[in-house]
Amino acid sequence: MRIDKFLNAVNITKRRAVAEDMLEHKVVFLNNIAVKKAKEVKIGDIIEIKYLESSEKFKILQIPTTKSTPKSKIDEYVQRID
């Protein structure tokens, strides 16, 4: 699954357009490398989103098979890393 679709499908970003904008401005890193929106994600990859004053890291546990998932099920797909 493409990283822009993954971020939207597991509710890390509210809309896919937001994910695309973040990827375009190089604030999203996949395994410590800034990536473009078409980059494919795999189980075990680490996604890091760098905000102005903080950052969030997520480990991919599962790839969703549907276009969107309920917010309550985010823990099935990603694990937050401190």
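Values in this text are rule-based calculations from the coordinates and carry no lab data. These numbers were taken from a predicted model, which means no experiment stands behind them. Using ideal geometry, Cβ is built from the backbone for each residue, glycine included, and neighbour counts are taken over all protein chains shown.
Just the residues that are within 13 Å of the chain's Cα centre (by Cα) and closer than 20 Å to R15 by Cβ, please, taken from the range 49-59. Matches in the range 49-59: I49, K50, E56, F58. Under the condition of being part of a strand (DSSP E or B) and of a type in the set (A, V, I, L, M), the residues counted in the range 69-79 number 1.
Among the residues here, A34 does not qualify as exposed (fewer than 14 other Cβ atoms within 10 Å of the Cβ) and of a type in the set (A, V, I, L, M).
Scanning the range 18-32 for residues that are β-branched (V, I, T) and under 11 Å from I47 (Cα atoms) yields V27, V28. Looking across the range 7-31, the residues that are among the aliphatic types (A, V, I, L, M) and surrounded by 14 or more Cβ atoms within 10 Å (Cβ to Cβ) come down to L7, A9, V10, I12, V18, A19, M22, L23, V27, V28, L30. Among the conditions (1) in a loop (DSSP other than H, G, I, E, B); (2) among the β-branched types (V, I, T); (3) surrounded by 11 or more Cβ atoms within 10 Å (Cβ to Cβ), the only one that T66 does not satisfy is (3).
Each residue in the range 24-63 was checked for being assigned to a strand (DSSP E or B) and of a type outside the set (V, I, T), and 11 pass. For the range 61-68, the condition holds for at least one residue, the condition being that it is touching a residue at least 24 places away in the same chain (Cβ under 8 Å), within 13 Å of K5 (Cβ to Cβ) and of a type in the set (S, T, N, Q). The criterion of being out of contact with any Phe, Trp or Tyr (no Cβ under 7 Å at 6 or more places or on another chain), among the charged types (D, E, K, R) and buried (at least 19 other Cβ atoms within 10 Å of the Cβ) holds for D4.
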